[in-house]
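What follows is a short report on a single structure.
The values are calculated or read from the model by the stated rules, or taken from the named source; none is laboratory data. Note that the structure is predicted; figures quoted are calculated from it, not measured. Please note: Cβ atoms are built from the backbone with ideal geometry, for glycine as well, and neighbour counts cover all protein chains shown.
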């Protein structure tokens, strides 16, 4: 849980935010931060225990916060499968009825299936795109037109720096994230005249369960930081793995009025790993 943020506690007060993939990792950090900054957050995931635990943890943290520093926001768990259009549409409708019109959408839900491009199974390819790309399409289509009709809104899709640089063993993941990023930019172009902004945050290696699943043996984290010439992978110039909070802060910036003139952009948050 983030600490109280002086001067920013009400930045999203009165706004409703929908976050996908909120059961763990970056999604949980985004949902937590936006609620702490005053938003009414719908924390969605197909993993019910994860979002319910997140909501309970956030509420407990608020109880321990001094009265004058407590957030005006809230964090409500919802079970939603981004690959199921019916689940998405019914959940969005329920969120708007209970929490109010969605002002901020953050697409975080994602999965990683690794394997060489030439032999990757058709099922792994399909599953990866179903969540990472079609999921963004489903949720954005359910929410963005409502934003456009109201004349404002912010969509932030959490992609990956793998979308902009080839990675060995990650063809499906990289391709799905690249597709999601371009979809989000095209959506932003089409909705710019309606006052809806659409941007992409592209994290590099971040300390999440997905990242740790790739680590093998002692010193795995340092090997990521140092890079691996045998897989054509540069290290991280800043010398550290990102914390989910680093990504959440970037998302919050792009969703906020501080970024009111920013749309169709892809912001890399990878410690310089892609040398961009």
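Looking at 178, 94, 148, which is the one that is closer than 27 Å to residue 229 by Cα and at pLDDT 95 or above?
178
Would you mind stating whether residue 44 is touching a strand residue (DSSP E or B) at 6+ places or on another chain (Cβ under 7 Å) and either at pLDDT 95 or above or not in a loop (DSSP other than H, G, I, E, B) (or both)?
Yes: the conditions hold for residue 44.
Inside region 254-271, can you point out the residues that are touching a residue at least 24 places away in the same chain (Cβ under 8 Å) and in a loop (DSSP other than H, G, I, E, B)?
Result: 256, 260, 262, 263, 264, 265, 270, 271.
For region 45-64, check the following and say yes or no: at least one residue is under 19 Å from residue 143 (Cα atoms) and crowded, with 24+ Cβ neighbours inside 10 Å.
Yes, region 45-64 contains a residue that is under 19 Å from residue 143 (Cα atoms) and crowded, with 24+ Cβ neighbours inside 10 Å.
Can you tell me which residue is surrounded by the fewest Cβ atoms within 10 Å (Cβ to Cβ) among those in region 217-244 that are modelled with pLDDT of 85 or more and over 13 Å from residue 205 (Cα atoms)?
Once the filter is applied, the top-ranked residue is 230.
Mind checking which residues of region 27-41 are more than 14 Å from the chain's Cα centre (by Cα) and either part of a helix (DSSP H, G or I) or without any contact (Cβ under 8 Å) to a residue 40 or more places away in the chain (or both)?
35, 36, 38
Please go through region 151-183 and give me each residue that is out of contact with any helix residue (DSSP H, G or I) (no Cβ under 7 Å at 6 or more places or on another chain) and more than 17 Å from residue 233 (Cβ to Cβ), ordered by number.
152, 175, 179, 182
Output the residue which, of all residues in region 77-96 that are within 17 Å of the chain's Cα centre (by Cα) and not in a helix (DSSP H, G or I), is farthest from residue 128 (Cα to Cα).
Filtering first and then ranking leaves 77.
Can you name the helices (runs of 4 or more DSSP H) wholly within region 114-216 that have at least 1 residues being out of contact with any strand residue (DSSP E or B) (no Cβ under 8 Å at 6 or more places or on another chain) and surrounded by 22 or more Cβ atoms within 10 Å (Cβ to Cβ)?
By residue number, 122-132, 134-150, 171-191.
Return the only residue of 50, 21 being assigned by TED's automatic domain parsing to the domain that holds residue 159 and in a helix (DSSP H, G or I).
Criteria check complete, one pass: 50.
Tell me which residues, restricted to region 55-76, are assigned to a helix (DSSP H, G or I) and in contact with a strand residue (DSSP E or B) (Cβ under 7 Å, 6 or more places away or on another chain).
55, 58
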